[in-house]
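Structure, as structure tokens:
The values are calculated or read from the model by the stated rules, or taken from the named source; none is laboratory data. As the structure is a prediction and not an experimental result, all values here were calculated from the model. Note that we place each Cβ from the backbone using ideal geometry, even for glycine, and neighbour counts take in every protein chain shown.
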Amino acid sequence: MSATKLKFLISGAGIAGPCLAYWLSRTRLNAAITIIERSSVPRVTGQSIDIRGPGIEIVKRMNLEEAVRARNTTEEATVILDSSGKPFALFKGGDTFTAEYEILRADLAGLFMETTESLSNVKYVYGDSIKSLDQREKNVNVTFDGGSSATFDLVVAADGGTSRTRDMILDEHITKNSYDFLGQYIAFFSIPSRPTDPKMWQWYNRPKGLCIMLRPHRNPATVGAYLCITTPAHGQQDPAVEAALDKGVEAQKRICHEYLGNLGWEAKRVLEGMDAAEDFYMSRAAQVKLPKWTNGRALVLGDAAHATFGVGTTLAIESAYILAGELSKIQSSEDVPRALERFEEVYRPLYTKSEDGPPFFPQGAFPQTSWALWLRDSLLWFVSKTKLYKLLPADDESGFELPSYDWVDIR
């Protein structure tokens, strides 16, 4: 590798972006890495997420396994509740719902940031975002919303499923119909815990696709609350919820009261806690599927490339690792486009094992009618009692062996 310094820009300081910065720092490239984040401060909110399959091995190679375990949400199992709030199906941790490595999104993102922000070749910039891109043969000219501009050898959009940068990088025929709204809205926030709260993911459904969930936190003072409003089909929007999303947090809290106020179980407690919550966030559940992730010297990564329910975090970690590994092979800036093509060739086969997500989700898991809910509950009861879920492949049975690259020790 020549002494010429390469300039890399990563948009998004969530999971994929900082993970990529870490692995780029462990290459022999002479790289200056800038991570730009639209939020003015590091995000401290986020739902419970998990790491599975090859993602676990990558975290181990980052020497972060113990740190991740130390930040575990303490969730021991998942319990499904009936209409009166009594449990009827139990799935122990590590089986299906509750993974061995459960962590809050903010905790994992914070851990990756802590690991990279002290590195001399990594710089974080908050409160700004990409306004436009101009790809040339030898570089990419970037203009920022803050008014500045700069030139980079590589631009990575790791700014989430609703990425604005995605359409700047990929052609319209590539991105067309890539964003699939799953027909579900999810609000999540923290509420005060009670001594009687179990260390379990409690799942309480009612007809019309409505659901309240509670999940434990590492911080014993709070639990995570999740409110779900599900429409009958993928792509079907709820006009009232869409209007609330446009109007802001207070309107979103009002719509949650309207839809879930009389749901039963812990609805009163949860909604009272929601009113006082400072970390409330509501969004649409969606999947992103693209036939191509790269274009010249730019690409999309993580949820911006392949948001997938249940495995999005793992895909973000895996793709960051393999992208950095393929870039580690380049000899000069001229090799960047080919490295991105190799990344697609190597990573696409692993991604395709997980790209479709759970079947019939979310409508099958959040039924609209009482009869459909009874059918779902009967199936869950049977699977729980017979432990048929034990026949599912374990996380380490994906059949994919992570590539080995020439990493440098940065400890």
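Of all residues in the stretch 27-44, none satisfies being over 27 Å from Asp279 (Cα atoms), of a type in the set (D, E, K, R) and in contact with a Leu (Cβ under 7 Å, 6 or more places away or on another chain). From the list Ala244, Ala187, Ala233, the one residue that fits, being touching a residue at least 60 places away in the same chain (Cβ under 8 Å) and surrounded by 15 or more Cβ atoms within 10 Å (Cβ to Cβ), is Ala187. Checking each residue in the stretch 86-127 for being of a type in the set (D, E, K, R) and crowded, with 17+ Cβ neighbours inside 10 Å picks out Asp95, Glu102, Arg105, Asp107. Determine, yes or no, whether Ser120 is more than 30 Å from Trp371 (Cβ to Cβ), in a loop (DSSP other than H, G, I, E, B) and in contact with a strand residue (DSSP E or B) (Cβ under 6 Å, 6 or more places away or on another chain). It is false that Ser120 is more than 30 Å from Trp371 (Cβ to Cβ), in a loop (DSSP other than H, G, I, E, B) and in contact with a strand residue (DSSP E or B) (Cβ under 6 Å, 6 or more places away or on another chain).
Pairing each residue of the stretch 127-140 that is in the same structural domain as Asn295 (by TED's automatic domain parsing) with any residue that is among the hydroxyl-bearing types (Ser, Thr, Tyr) and crowded, with 16+ Cβ neighbours inside 10 Å, provided the two are 6+ apart or on different chains, yields C-beta distances under 7 Å for Ser129/Ser11; Ile130/Ser11; Ile130/Thr165; Lys138/Ser333.
Here Asn177 passes the criteria (1) polar (S, T, N, Q); (2) in a loop (DSSP other than H, G, I, E, B); (3) in contact (Cβ under 8 Å) with a residue 24 or more places away in the chain except the one numbered (3).
None of Lys92, Lys86, Lys60, Lys123 is modelled with pLDDT under 90 and either assigned by TED's automatic domain parsing to the domain that holds Phe309 or among the charged types (D, E, K, R) (or both) except Lys92. Taking Leu111, is it farther than 25 Å from Tyr281 by Cβ and outside any loop (DSSP other than H, G, I, E, B)? No.
Yes or no: the stretch 268-277 includes at least one residue that is farther than 30 Å from Lys208 by Cα, assigned to a helix (DSSP H, G or I) and touching a residue at least 24 places away in the same chain (Cβ under 8 Å). No: zero hits.
Just one of the numbered conditions (1) farther than 29 Å from Leu29 by Cβ; (2) modelled with pLDDT of 95 or more is not true of Thr162: (2). Quick check on Glu326: is it at negative phi, touching a Lys or Arg at 6+ places or on another chain (Cβ under 6 Å) and in a helix (DSSP H, G or I)? Yes. So, in the stretch 30-41, exactly how many residues are hydrophobic (A, V, I, L, M, F, W, C) and crowded, with 22+ Cβ neighbours inside 10 Å? Qualifying residue count for the region: 3. Listed conditions (1) closer than 15 Å to Leu210 by Cα; (2) under 25 Å from the mean Cα position of the chain (by Cα); (3) of a type in the set (Gly, Ala, Ser); (4) modelled with pLDDT of 95 or more are all met by Ala285, apart from (4).
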